[in-house]
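The values are calculated or read from the model by the stated rules, or taken from the named source; none is laboratory data. Here the structure is a predicted model, which means the values were calculated and not measured. Neighbour counts run over all protein chains shown; Cβ positions are idealised from the backbone, glycine included.
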Amino acid sequence: MNTTGTRSIAEEQLVRMRAHLSDLQARSPWYKQVFQKAKVHPTDVRKWEDVLALPFTTKDDLSLHNEAFRSVPLNKVVDHVFTSGSTGIPVPFLLTENDLDRLARSEAASLASTGITIDDVVQITTTMDKRFMAGLAYWLGLRRIGAGIVRSGPGNTVGQWETVERCGTTALITVPSFLLRMLEDRASHLQDIRKTTIKKAICIGEPISDGNGGPNELAKRIKALSDIALYGTYASTEMATASTETTPFGGHVVPSDMILIEVLDEDDKPVENGGIGEVVATPWGVEGMPLLRFRTGDICSSTNIQQADGSLSQVLGPVIGRKAQRMKVKGTTLYPQQVIDALNADPLVNSFVVIREHDAHGNDLVRVLLDTVPDELHNLGERIGETLRVRPILELADPAKILALRNDPKNRKPTPFIDRTQNH
């Protein structure tokens, strides 16, 4: 939440919040009930302290009472997407025509902030099917801009390069670890891999920043192979709004006209400028399933940065991990994403899957199945342990087994992290 910016920004956000509360009270079956129980009325919100007293919305709420969140007749729903539920079962999230228009505006502004224009040809290497919102959002945003679109979809690095060359692709939308694989595969066949029409990549799903304005280890490996400019973007289905880096590794700029982002500490108080906490989102102007103070579970930093025109922008750092996945391994706090980043950073790791388990005493244990040079397993363990300040259990595994674990058909999408403690 930008409470230290100019007075007009803070006042504008308060006005938006009051209007949002009025809309929820008028249209949302869920929030009518919640407001009545909590004795909340839109006119009661006069200052930011009042916002902090408003009720939260959780993934459990959305999962267990999904139908109550629908705020329009079913015949106004034009697109059905799914979001990850708290129990692992996908949860419906419904969009109206106005929501698709809002999604297009959000993503167009996000992509334009990285320099994407009508003159670009953008290759989308993510899926547009399987009820995911992200691929649809990128397509809608690029359509709004007027850029050329190549829907190549995921996988097949050789096919991706063939598409780049045939279509004259100037920008990619990609998971950064997949971009690294594309570059490594190309390097194994070409002497000079820097000769490409691709000028930039919009990186999704994995952090590329070290949180201090520079590249993390994964991004450094990409930069060692290519001059492609890297821009990170952050969003979720429930947020329905993208926060994107306007300069490489500069942090995700929050569009305050479309969403309120609070970053809260363990006591649900706003973190200090530059502090780390949980992202809590209130997207403005959503019609089908509007939300209030949605707890994303994502942990990241929030900083207010002065722009060239003197205004302040809220900037989110890279996602460190998810609150529910925080582990305590031999006294050290650890997030799965930190383990994933460390493995992605090592050039000797070909593929891997991270598994969370409990030992005989109920303590967290991290096991990594990986494909690497067998003789380097010990040295790799030393490097990973030094980076994380605790050493996970490393075990060699067949690449086919790793691929099967990462692509469990019970999950909505491939995942490098498996939490086996949730089965007990």
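Miscellaneous remarks
- Considering residues of region 82-136 that are assigned to a loop (DSSP other than H, G, I, E, B) and of a type in the set (Gly, Ala, Ser) only, the residue farthest from the chain's Cα centre (by Cα): Gly115
- Test: residue in region 318-328 that is basic (Lys, Arg), assigned to a loop (DSSP other than H, G, I, E, B), closer than 21 Å to Thr415 by Cα and within 27 Å of the chain's Cα centre (by Cα): yes
- Looking across region 52-94, the residues that are of a type in the set (A, V, I, L, M) and in contact with a Leu (Cβ under 7 Å, 6 or more places away or on another chain) come down to Leu54, Val77, Val78, Val81, Val91.
- Identity of the residue in region 35-61, in a helix (DSSP H, G or I) and touching a residue at least 40 places away in the same chain (Cβ under 8 Å), that ends up farthest from Glu287 (Cα to Cα): Trp48
- Thr333 satisfies every condition listed in (1) more than 23 Å from Phe178 (Cα to Cα); (2) among the hydroxyl-bearing types (Ser, Thr, Tyr); (3) in contact (Cβ under 8 Å) with a residue 12 or more places away in the chain except (3).
- Selection status of Arg144, among the basic types (Lys, Arg) and either buried (at least 21 other Cβ atoms within 10 Å of the Cβ) or touching a residue at least 40 places away in the same chain (Cβ under 8 Å) (or both): yes
- Going through (1) loosely packed, with under 15 Cβ neighbours inside 10 Å; (2) more than 25 Å from Lys200 (Cα to Cα) one by one, Ile305 falls short only on (2).
- The residue of region 118-139 that is farthest from Phe178 (Cα to Cα), among those that are buried (at least 19 other Cβ atoms within 10 Å of the Cβ) and touching a Leu at 6+ places or on another chain (Cβ under 7 Å), is Ala137.
- Members of region 153-173 that are under 22 Å from the mean Cα position of the chain (by Cα) and over 23 Å from Ser113 (Cβ atoms): Gly153, Pro154, Gly155
- Sole residue being at positive phi and not assigned by TED's automatic domain parsing to the domain that holds His20, chosen from Gly274, Gly251, Gly285, Gly310: Gly274
- Residue that is nearest to Arg326 (Cα to Cα), among those in region 357-411 that are exposed (fewer than 14 other Cβ atoms within 10 Å of the Cβ) and among the polar types (S, T, N, Q): Asn363
- Residue in region 90-101 that is surrounded by fewer than 22 Cβ atoms within 10 Å (Cβ to Cβ) and under 18 Å from Gly232 (Cα atoms) present: no
- Figure legend. Inter-residue proximity from region 68-81: first residues outside any strand (DSSP E or B), second residues surrounded by fewer than 16 Cβ atoms within 10 Å (Cβ to Cβ) and at pLDDT 95 or above, beta-carbon distance below 8 Å, spacing 6+ or different chains. Indicated pairs: Ala68/Pro29; Ala68/Gln33; Phe69/Pro29; Arg70/Pro29; Ser71/Arg27; Ser71/Pro29; Val72/Arg27; Lys76/Glu97.
- Some residue of region 218-234 being within 20 Å of Leu95 (Cα to Cα), in contact with a Ser or Thr (Cβ under 8 Å, 6 or more places away or on another chain), surrounded by fewer than 23 Cβ atoms within 10 Å (Cβ to Cβ) and in contact (Cβ under 8 Å) with a residue 12 or more places away in the chain: no
Residue-wise test of (1) in the same structural domain as Ala242 (by TED's automatic domain parsing); (2) over 30 Å from Glu262 (Cα atoms); (3) part of a loop (DSSP other than H, G, I, E, B); (4) touching a residue at least 40 places away in the same chain (Cβ under 8 Å).
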residue	(1), (2), (3), (4)
Gln337	no, no, no, yes
Val349	no, yes, yes, no
Val353	no, yes, no, yes
Leu370	no, yes, no, no
Asp375	no, yes, no, no
Leu380	no, yes, no, no
Gly385	no, yes, no, no
Ala400	no, yes, no, no
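- Some residue of region 180-202 being within 22 Å of Gln337 (Cβ to Cβ), touching a residue at least 60 places away in the same chain (Cβ under 8 Å), within 22 Å of the chain's Cα centre (by Cα) and in a helix (DSSP H, G or I): yes
- Within region 143-162, the set of residues being in contact with a helix residue (DSSP H, G or I) (Cβ under 8 Å, 6 or more places away or on another chain), under 23 Å from Pro414 (Cβ atoms), in a helix (DSSP H, G or I) and not polar (S, T, N, Q) comprises Val158, Trp161.
- Members of region 187-203 that are surrounded by 21 or more Cβ atoms within 10 Å (Cβ to Cβ) and either small (Gly, Ala, Ser) or under 23 Å from Asp346 (Cβ atoms) (or both): Ala201, Cys203
- Scanning region 308-351 for residues that are more than 20 Å from Gln422 (Cβ to Cβ), loosely packed, with under 14 Cβ neighbours inside 10 Å and among the small types (Gly, Ala, Ser) yields Ala308, Gly310, Gly331.
- Taking the criterion of being of a type in the set (D, E, K, R) and within 28 Å of the chain's Cα centre (by Cα), the residues of region 12-48 that qualify are Glu12, Arg16, Arg18, Asp23.
- Scanning region 67-87 for residues that are at pLDDT 95 or above and over 17 Å from Asp129 (Cβ atoms) gives Glu67, Ala68, Phe69, Arg70, Ser71, Val72, Pro73, Leu74, Asn75, Lys76, Val77.
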